[in-house]
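Right, one structure below, let's go through it.
The values are calculated or read from the model by the stated rules, or taken from the named source; none is laboratory data. Being a predicted model, the structure only gives us computed values, none of them experimental. Cβ coordinates were reconstructed from backbone atoms using ideal geometry, including for glycine residues, and neighbour counts include every protein chain displayed.
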Amino acid sequence: MKITSPAILLMGPTASGKTAVSMWLAQRFPVELISVDSAQVFRDMDIGTAKPDAATLERFPHRLIDLISPEEVYSAARFRHDALEAMAEIVSRGKVPLLVGGTMLYYKALLAGLSELPQADPKIRAEIDAFAAEHGWQAVHAELAKIDPVTAARLHATDAQRIQRALEIFRLSGRPMSELIGEGREEKPPYDFISLGLLPSERSVLHARIADRFDAMLEAGLEDEVSHLRGKYALSLELPSMRCVGYRQVWEVQDGAAPRRELRDRGIYATRQLAKRQITWMANTLKPEIYDCLASDLCDRVGQRVASALAEALRTRYP
């Protein structure tokens, strides 16, 4: 019988308490943390990504944080490579990888691999942008729904970046993105994955947390952070870093494309839409074991499951 090492996946929508649970686990089990967050890979983007502060990272180091400049692009394929490399190093020292974050495509890439997606085509992107400028992104979303209803169903009609990419892939390949991403070609990683998902039993409480969290970001200086980034780097709204929730809304206010009085509401709304997409990914694709992130004994429940999984791994390895 082939012996595989355990690896824990702790996923959930934004503001579900993943970081707190992961640090609680790190205090009690021989685990080491790997970030699964497409925004926290960017250096100098700290407030708007809810990146753990320096003191927290010193006590609980996270791999795959602060990897690249906001001017660069980080792909799901690169995440898979980097994560597997980090996991192998952790296991080689007798520890257990604990992957925590909310970028669901990264989990999908890790677990099932990714097919070879076509490279970006500036001409096609320009055509899509021109159509959106004339008819609106809702019309582009409707066009996507005709040729790739699966992808369109999980994207909000204002999610311009992802709508554009999905339509671009179809025009380049002649096939829906939903089909292509289901054709992972890499071998299944040699781990016994324990997938745990944090979801709220009351969506309204999660929405309140999201509002409080965005208020805290504004108070901590999110607008100044965006100004600093724009002064330090050659950025545009077309870059993935500046399309991140919060950063895009602040940028638009700073450029006069949206009134400042709407910043809070626009940021909270965008974050709620992000959470909705994350929940849809979890329910329809990743299907982890679900734990109520609002439960008072959440950490104990998750801890019991982790303890059981690690005990079973030891029994399998040393029967």
I need every pair where a residue in region 263-284 that is more than 14 Å from Arg248 (Cβ to Cβ) has its Cβ under 7 Å from the Cβ of a residue that is in a helix (DSSP H, G or I) and of a type in the set (Lys, Arg), sequence separation at least 6 or different chains.
Arg277/Arg154; Thr280/Arg154; Trp281/Arg154
Region 224-248, subset without any contact (Cβ under 8 Å) to a residue 40 or more places away in the chain and surrounded by fewer than 17 Cβ atoms within 10 Å (Cβ to Cβ), residue farthest from Lys276 (Cα to Cα)
Gly231
For Arg203, which of the numbered conditions (1) free of Cβ contacts under 8 Å to residues at least 40 places away in the same chain; (2) outside the structural domain of Ala76 (by TED's automatic domain parsing) fails to hold?
(2)
Just checking, does region 145-157 include any residue being buried (at least 18 other Cβ atoms within 10 Å of the Cβ) and either in contact with an Asp or Glu (Cβ under 7 Å, 6 or more places away or on another chain) or of a type in the set (Phe, Trp, Tyr) (or both)?
no
At least 3 residues that are at pLDDT below 90 in each: list the helices (runs of 4 or more DSSP H) lying fully within region 53-145 that qualify.
122-135
Asp37 meets each of (1) of a type in the set (Asp, Glu); (2) over 22 Å from Val245 (Cα atoms); (3) in contact with a Gly (Cβ under 8 Å, 6 or more places away or on another chain) with one exception, condition (2)
Within the bounds of region 272-287, is there any residue that is over 17 Å from His156 (Cα atoms), in contact with a strand residue (DSSP E or B) (Cβ under 8 Å, 6 or more places away or on another chain), in the same structural domain as Leu99 (by TED's automatic domain parsing) and surrounded by fewer than 16 Cβ atoms within 10 Å (Cβ to Cβ)?
yes
Does at least one position in region 27-36 carry a residue that is assigned by TED's automatic domain parsing to the domain that holds Glu202, charged (D, E, K, R) and outside any helix (DSSP H, G or I)?
yes
Look through region 38-63, keep the residues that are in contact (Cβ under 8 Å) with a residue 60 or more places away in the chain and in contact with a His (Cβ under 9 Å, 6 or more places away or on another chain), and return whichever of them is surrounded by the most Cβ atoms within 10 Å (Cβ to Cβ).
Gln40
Checking Ala112 against (1) within 22 Å of Cys293 (Cβ to Cβ); (2) in contact (Cβ under 8 Å) with a residue 40 or more places away in the chain, only one condition comes out false. Which one?
(1)
